[in-house]
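Undergrad: Below is one structure. I have some questions about it.
The values are calculated or read from the model by the stated rules, or taken from the named source; none is laboratory data. Not measured: the values here are computed from a predicted model. Methodologically, a virtual Cβ is constructed for each residue, glycine included, from the backbone with ideal geometry; neighbour enumeration extends over all protein chains shown. Just so you know, the surface numbers come from the protein's heavy atoms only, side chains and all, with ligands and any DNA or RNA stripped out. Shrake-Rupley method; radii C 1.70, N 1.55, O 1.52, S 1.80 Å.
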Amino acid sequence: MYMLRTPHRIISLMTLCLCLSGSLAAPPEGPHLGKPLTPADLEGFDIHVFPDGTGLPEGSGNTETGAKLYEALCPSCHGPQGIGGSAGELVGRSPLNGPHPDQSVGNYWPYATTLFDFIRRSMPLNAPRSLSSDQVYALTAYILEINGLITKGALLDKKSLPTIQMPNRDGFIRLWPENR
């Protein structure tokens, strides 16, 4: 009986050794898809704009240019002059503490730089990130103008945009220090 158990043990031991040696072998090479990213490749993805204006690019745009761009690109989703349309309204007049608050740029958004960041990153819906910095500044200027936050003809750039005080700036809990 002892002899019958020995071959079984040997086979089990050999199977275990084969399994372990297979798991210690080098993994097979991958399919070699794509190419490794370089730091230069990653720079194009770093488009964050912070509330204090850090990350804003060079360029500028005014409300008149923004009105023309808006008319060409935006009314089908946001309605004429930012009211109506299938997407969120950009101009809202009802107070946030009312029964039907409009969470629009003019009464809800805490920073004008957030508007720039959102437009640059997400608009137009059918071609995000296709607008130049000048076009994004111009659209931001127009949207701030139709919300009554800047005057007609105002020019925005990386220095002037962060200085705009939004009405709901203090309506959110601050997660970062004011001066980083």
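Undergrad: Quick one: in the stretch 88-124, of everything that is closer than 19 Å to Phe50 by Cα and of a type in the set (A, V, I, L, M), which residue is most open to solvent (accessible area, probe 1.4 Å)?
TA: Residue satisfying both the conditions and the ranking: Met123.
Undergrad: Consider the stretch 49-73. How many of its residues are more than 18 Å from Gly153 (Cβ to Cβ), touching a residue at least 40 places away in the same chain (Cβ under 8 Å) and over 19 Å from the mean Cα position of the chain (by Cα)?
TA: 1
Undergrad: Tell me which residues, restricted to the stretch 125-146, are over 16 Å from Ala67 (Cβ atoms) and either open to solvent by less than 10 Å² (accessible area, probe 1.4 Å) or free of Cβ contacts under 8 Å to residues at least 60 places away in the same chain (or both).
TA: Result: Leu125, Asn126, Ala127, Pro128, Ser130.
Undergrad: Is it the case that Glu29 is over 20 Å from the mean Cα position of the chain (by Cα) and part of a helix (DSSP H, G or I)?
TA: For Glu29, the condition - over 20 Å from the mean Cα position of the chain (by Cα) and part of a helix (DSSP H, G or I) - is not met.
Undergrad: Go through the stretch 59-91 and count every residue that is of a type in the set (A, V, I, L, M) and touching a helix residue (DSSP H, G or I) at 6+ places or on another chain (Cβ under 6 Å).
TA: Within the stretch 59-91, the first condition is being of a type in the set (A, V, I, L, M), and the residues that meet it are 67, 69, 72-73, 83, 87, 90-91.
Now drop any that are not touching a helix residue (DSSP H, G or I) at 6+ places or on another chain (Cβ under 6 Å), which leaves 67, 69, 87, 90-91.
Within the stretch 59-91, residues that are of a type in the set (A, V, I, L, M) and touching a helix residue (DSSP H, G or I) at 6+ places or on another chain (Cβ under 6 Å) number 5.
Undergrad: Hey, Gly59 hits all of (1) modelled with pLDDT of 90 or more; (2) buried (at least 16 other Cβ atoms within 10 Å of the Cβ) but one; which does it fall short on?
TA: Failing condition for Gly59: (2).
Undergrad: Also, I was wondering about something else. What helices (runs of 4 or more DSSP H), lying completely within the stretch 74-180, carry at least 3 residues that are under 18 Å from Leu56 (Cα atoms)?
TA: On the way: elements: 75-78, 112-122, 133-146.
Helices (runs of 4 or more DSSP H) meeting the threshold: 112-122, 133-146.
Undergrad: Same structure, new question: Examine the stretch 110-120 for a residue that is without any contact (Cβ under 8 Å) to a residue 40 or more places away in the chain and basic (Lys, Arg), and state whether such a residue exists.
TA: Checked against the condition, which is being without any contact (Cβ under 8 Å) to a residue 40 or more places away in the chain and basic (Lys, Arg), the stretch 110-120 yields no hits at all.
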